[in-house]
Number of protein chains: 4
Amino acid sequence: MWFHVDPSDGLPIYMQIINQIKRATANGLLKAGDQLPSVREMAVQLTVNPNTISKAYQELERDGIIKTSRGIGTFVAEKEIKIVYEERTKEMMAAIDRLLVEAHHLGFSRDEVFKLLEDRIKDWKVSDK
Amino acid sequence: MWFHVDPSDGLPIYMQIINQIKRATANGLLKAGDQLPSVREMAVQLTVNPNTISKAYQELERDGIIKTSRGIGTFVAEKEIKIVYEERTKEMMAAIDRLLVEAHHLGFSRDEVFKLLEDRIKDWKVSDK
Amino acid sequence: MWFHVDPSDGLPIYMQIINQIKRATANGLLKAGDQLPSVREMAVQLTVNPNTISKAYQELERDGIIKTSRGIGTFVAEKEIKIVYEERTKEMMAAIDRLLVEAHHLGFSRDEVFKLLEDRIKDWKVSDK
Amino acid sequence: MWFHVDPSDGLPIYMQIINQIKRATANGLLKAGDQLPSVREMAVQLTVNPNTISKAYQELERDGIIKTSRGIGTFVAEKEIKIVYEERTKEMMAAIDRLLVEAHHLGFSRDEVFKLLEDRIKDWKVSDK
DNA sequence: GTGGTCTAGACCACA
DNA sequence: GTGGTCTAGACCACG
């Protein structure tokens, strides 16, 4: 499988794994019912401590993203993640505020941020498939 | 002053303080030359250990956000954009990309992000002087 | 390892440690990828509080000299010169000027400084590989 | 008088004053027997706490640079500062080492440092009077 | 009064 | 085992 991990990334390794799996399920790269590698298998592949994989899986299961059956394996769950609208918007606004603060400290005006984002979104759209 | 801290937030306390001060300098609540509460003062206000405040202040100083003088106090620094243009833009684009990725995870389309940012910038502008 | 510390030196302990590590990476005693003693280990060696070592390591990390991974350890970072040419040269010239001023205070002529540096560089070169 | 002080310099204010006076006596700008401003006078002039001036003067007197007579004033002392040769050389070598370490972290080779210093010294000589 | 350093000791996050 | 955060409390340097 196509997982990878960067130990020198600030993000804890178990988090990197969680993010990749979340993203894959969001993308459709992983569909409900798909089997995930076993903890040991993945640990070998990423040359990472099995505890680390285990922790990632546990957290994913807690969030209802995956489902593990003892002795059988680990699978992508049916359930879909739903965050309430207000929650989502709140987080999104927080993220936007973080961006604006960062922009300020980098010396960009709000209009420049707006312009840059506009351009960036256009680029992304073009490269969309 | 209007600082507050949530010990049960995942974010370390000193980080919460850093973020609040960065934000305040970014939106003009704190202006260059303004004096910040003394380490001890802020420590009692937030019922937090003085060392924790100190750590936040030191980190802010090395980022050039504030300036401290022993025996005098701590002050908001003159803003000075030192990084070269390419560097700045590169960092800004990276920040924008992080935002777009986060937006995607939260299930927002790019147009929605664009719209939200537009609104937010308008709000901030009002508080500009 | 060969670290040592003098608590009665005017310089803060964490600074002494920083200087030693910077020096060691500068003259090749520590190379990129080398593992540093763990915080606790070094703390007992130097009979110093672990927090003090931790502070030194954290400061070194933000200067890009070392790289630490939680749960793994602390390592010498790959050297990476990021600053632009003009910036670098400006800083270097400032450092040279500081040296010349200090030399003047100590009563050395410029030619003597030149001579001493020449000798010193030769010595260092020998320890190059 | 031509003293000045920069509170935002890393160096403590009292140190800045000491350095200026030391330099002036080394230069000949201040000669043995010259009277220095009173503590109060200097404090007003530099808009600095009198304690700070006082501390500088005390330290200078301890080093034999100046001599104060109660009720009369403060004067440059006759005695000349002498550091033993080995001491001076030791300090000078330490300063050179600091320069070389800094150079390394700025990405300069030893030969480049040598070259830069050579140029700098030549410049200084030309601008000497 | 200000900020800076250090200790002792606790608890957490990560691998 | 690793490093990171926080507290309580001491002492120092500076103005």
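Every number here is computed from the coordinates shown, using simple stated rules; none is lab data. Just so it is clear, the model here is predicted, and its values are computed rather than measured. Quick reminder, even Gly has a Cβ in these numbers, built from the backbone with ideal geometry, and neighbours come from all protein chains shown.
What to note about this one:
- If only the Cβ of Lys and Arg carry +1 and only the Cβ of Asp and Glu carry -1, the dipole of region C:1-74 around its Cα centre is close to 220 debye.
- Counting only Cβ charges, +1 for Lys and Arg and -1 for Asp and Glu, the dipole size of region C:85-126 around its Cα centre is about 100 debye.
- Shielding by partners, peptide B:26-32 (average Cβ within 10 angstrom, other chains): 2
- Residue mean of other protein chain beta carbons inside 10 Å, B:53-62: 1
- Axis of helix C:110-126 versus longest Cα principal axis of chain C: the two differ by about 40°, to the nearest ten degrees.
- Rounded to the nearest 20, the size of the Cβ-charge dipole of the protein assembly as shown about its Cα centre is 380 debye, with Lys and Arg at +1 and Asp and Glu at -1.
- In terms of the mean number of neighbouring beta-carbon atoms within 10 Å, the peptides D:17-25, C:28-36 order highest first as D:17-25, C:28-36.
- Where the Cα pairs of region C:85-126 fall when distances are cut into 10 Å bins, in %: 27, 42, 30, 1
- Computed [θ] at 222 nm, deg cm²/dmol, chain A (DSSP H ≥ 4; -39,500 (n - 2.57); rounded to nearest 500): -19000 deg cm²/dmol
- Dipole of the protein assembly as shown, positive direction: furthest Cα of B:P12, D:V44, D:H105, with charges on the beta-carbon: B:P12
- Normalising the average separation of contacting C-alpha pairs (under 8 angstrom, six or more residues apart) by the number of residues puts the relative contact order of chain B at 21 percent.
- Averaged over peptide A:33-41, the number of partner chain Cβ atoms lying within 10 Å of each residue's Cβ comes to 0.
- Counting from the shortest, the label point at D:D119, 7 Å from Cα toward Cβ, is 2.7, 3.4, 5.7 nm from the same position in each remaining copy.
- For the pair A:E41 and B:E78, a Förster radius of 60 Å applied to the C-beta separation gives a FRET efficiency near 0.60, rounded to the nearest 0.05.
- The shape of the protein assembly as shown can be summarised by an equivalent ellipsoid whose semi-axes, obtained from the alpha carbon gyration tensor, come to 53, 30, 23 Å from longest to shortest.
- Tilt relative to chain D, helix D:85-105 - C-alpha long axis, 0 to 90 degrees, to 10: 60
- The C-alpha atoms of chain D define a longest principal axis, and helix D:13-27 lies at about 80 degrees to it.
- Compactness of chain D was expressed as the Cα radius of gyration divided by 2.2 N^0.38 Å, which yields 1.32.
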